[in-house]
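A.B. asks: Provided herewith is a single structure, encoded as structure tokens, for subsequent inquiry.
The values are calculated or read from the model by the stated rules, or taken from the named source; none is laboratory data. Please read all numbers here as calculations on a predicted model, not as lab measurements. FYI the Cβ positions are ideal-geometry reconstructions off the backbone, even for glycines, and counts take in every protein chain you see. Quick note on the areas: whole protein, heavy atoms, side chains included, nothing else; ligands and nucleic acids left out. Shrake-Rupley method; radii C 1.70, N 1.55, O 1.52, S 1.80 Å.
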Amino acid sequence: MTQTDDVDAIVLGAGAAGLMCAAVAGQRGKRVLLIDHADQPGKKILISGGGRCNFTNIGAGPEHFLSANPHFARSALARYRPADFLELIARHGIAWHEKTLGQLFCDGSARQIVAMLLDECARGQVEIALGQPIAAVDHADARFRVSWGGRTAQARALIVATGGPSIPKMGATGFAYELARRFRLKVVEPRPALVPLTLGQDDLLFRTLSGVATPVIARAGKGVFREAALITHRGLSGPAILQVSSYWRHGESVTLDFLPDRAAGWLRETKRTQPRTTLTKSLAGALPERLAVVLAERIGLAGELANLPDAKLAAAEQALAAWRFMPNGTEGFAKAEVTAGGVSTADLSSQSLAARGVPGLHVIGEAVDVTGWLGGYNFQWAWASAQAAGQALD
């Protein structure tokens, strides 16, 4: 390819969505150029799932995604399912296993997923240009012109797959939103998602329990998740907290049920069967001891259960079942696994991810206002949205 050349499609971003889209389009006979400012492709893939890549979730469906339009992801997800991605990795001989809640991981390394995507791109004769920032993106005469590293290419189709600003140390930026606004596409305010929450002075006592984890039911907004919560030196983390963080907004509370398997009246029953025990000892049988001590101290019921009124025991049960925290923020994009918000689905086709009013422009993956739950869902959206755009290129 010369320094200035014509191709059929230019894909910006060599992450999960960009690599998949370039491969699909290339194998359909399109001349595809894939550009990324990073020095290697698939950086986020490589660190995902503890280095083993939680590449999809066997149960992924539209109900597992947040968006201003909750129905937008339905079309792409229906046309490219987890089983389709499993067929792809089977062709490449990649072994995998299922963990809890339908999460699928490589038996080996996330590098296998990147290698597979690069091989698929090679089969489609995709040219990949890495390590040079994009200098300019222009649109005139039904052609998109992209300049980078002293080179310029033009194409009828431009696919924006540059993700969101989460994990900036990996090179993530808000470039997709800049492009969207340039082309007069609306952007839903981006915010950190799947991110730890921070606590203020009112909950300082809990921050002394850094490292303590326990299964809970966490609630924030419309989000309800039963998984583990982890107390950190800054606040709350763990799978349950990361999940509800996508639903949490500043000024709202997060509640935790610390004893989700205990039926109402359990403390009064304990009083009947073990009258000389204390609240702290009762909690220590089901919770980490340090956490049990702090919860009992906060509730403020001292002495043997036999000496405590049933009404106060009932109130203690209610507090433990809906313990209210008021986070003062999150740990931001630096610690967020994904970005919520993004290019508005109102300006995109759910069939092709094409921008309305800008022929040839497509936005896919994390750059779109579609955000999945923790557990492989965001990768499935990357694969599905990439397939939808790659198959739609004319």
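A.B. asks: Which condition from (1) touching a helix residue (DSSP H, G or I) at 6+ places or on another chain (Cβ under 7 Å); (2) without any contact (Cβ under 8 Å) to a residue 24 or more places away in the chain; (3) over 19 Å from I217 (Cα atoms) is the one that G300 breaks?
C.D. replies: Going through (1) touching a helix residue (DSSP H, G or I) at 6+ places or on another chain (Cβ under 7 Å); (2) without any contact (Cβ under 8 Å) to a residue 24 or more places away in the chain; (3) over 19 Å from I217 (Cα atoms) one by one, G300 breaks only (1).
A.B. asks: How many residues are part of a strand (DSSP E or B), farther than 17 Å from G329 by Cβ and open to solvent by 10 Å² or more (accessible area, probe 1.4 Å) if we restrict to the stretch 231-260?
C.D. replies: Number of matching residues: 2.
A.B. asks: Further, regarding this structure: Scan A68, A90, A76 and give me the residue that is assigned to a helix (DSSP H, G or I), modelled with pLDDT of 95 or more, of a type in the set (G, A, S) and surrounded by fewer than 15 Cβ atoms within 10 Å (Cβ to Cβ).
C.D. replies: A90
A.B. asks: Filter the stretch 217-228 down to residues that are in contact with a strand residue (DSSP E or B) (Cβ under 6 Å, 6 or more places away or on another chain), open to solvent by 10 Å² or more (accessible area, probe 1.4 Å), of a type in the set (A, V, I, L, M, F, W, C) and closer than 17 Å to W248 by Cβ, then give me how many there are.
C.D. replies: 2
A.B. asks: Applying the selection to the stretch 261-297, what residues are open to solvent by 30 Å² or more (accessible area, probe 1.4 Å) and assigned to a loop (DSSP other than H, G, I, E, B)?
C.D. replies: D261, R262, A263, A264, Q274, P275, R276, G285, A286, P288
A.B. asks: Consider T56 against the criteria (1) crowded, with 21+ Cβ neighbours inside 10 Å; (2) closer than 23 Å to L12 by Cβ; (3) not acidic (D, E): it satisfies all of them except one. Which criterion is unmet?
C.D. replies: (2)
A.B. asks: If I ask for residues that are in contact (Cβ under 8 Å) with a residue 40 or more places away in the chain and open to solvent by less than 100 Å² (accessible area, probe 1.4 Å), which ones from the stretch 97-106 would you list?
C.D. replies: Result: G102, Q103, L104, F105, C106.
A.B. asks: Turning to a different aspect of this structure: Name, by its number, the condition in (1) among the hydrophobic types (A, V, I, L, M, F, W, C); (2) in a helix (DSSP H, G or I); (3) in contact with a Phe, Trp or Tyr (Cβ under 6 Å, 6 or more places away or on another chain) that does not hold for A60.
C.D. replies: Every condition holds for A60 apart from (2).
A.B. asks: Considering T198, T173, T214, which residue is closer than 30 Å to Q387 by Cβ and either of a type outside the set (D, E, K, R) or touching a strand residue (DSSP E or B) at 6+ places or on another chain (Cβ under 6 Å) (or both)?
C.D. replies: T173
Residue by residue, here is whether (1) among the hydrophobic types (A, V, I, L, M, F, W, C); (2) within 29 Å of the chain's Cα centre (by Cα); (3) at pLDDT 95 or above; (4) more than 26 Å from A336 (Cβ to Cβ) holds:
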site: S246; (1), (2), (3), (4): no, yes, yes, no
site: R249; (1), (2), (3), (4): no, yes, yes, no
site: S253; (1), (2), (3), (4): no, yes, yes, no
site: L256; (1), (2), (3), (4): yes, yes, yes, no
site: P260; (1), (2), (3), (4): no, yes, yes, yes
site: K271; (1), (2), (3), (4): no, no, yes, yes
site: R276; (1), (2), (3), (4): no, no, yes, yes
site: L283; (1), (2), (3), (4): yes, no, yes, yes
site: E297; (1), (2), (3), (4): no, no, no, yes
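A.B. asks: Give the residue that is least open to solvent (accessible area, probe 1.4 Å), with candidates limited to residues of the stretch 373-394 that are farther than 16 Å from L19 by Cβ and part of a helix (DSSP H, G or I).
C.D. replies: Residues of the stretch 373-394 farther than 16 Å from L19 by Cβ: 373-377, 392, 394.
Filter again for part of a helix (DSSP H, G or I), leaving 377, 392.
Numbers: Y377: 17, A392: 44 Å².
Here the residue is Y377.
A.B. asks: Given A193, A176, A155, A172, which one is more than 21 Å from the chain's Cα centre (by Cα) and in contact (Cβ under 8 Å) with a residue 60 or more places away in the chain?
C.D. replies: Working: A193 fails: more than 21 Å from the chain's Cα centre (by Cα); A176 fails: more than 21 Å from the chain's Cα centre (by Cα); A172 fails: more than 21 Å from the chain's Cα centre (by Cα).
Unique residue meeting the criteria: A155.
A.B. asks: Select from the stretch 356-372 the residues that are open to solvent by less than 10 Å² (accessible area, probe 1.4 Å) and small (G, A, S) and list them in ascending order.
C.D. replies: G365, A367, G372
A.B. asks: Against the conditions (1) part of a helix (DSSP H, G or I); (2) over 19 Å from L104 (Cβ atoms); (3) of a type in the set (D, E, K, R), where does K30 fall short? Just the number, please.
C.D. replies: (1)
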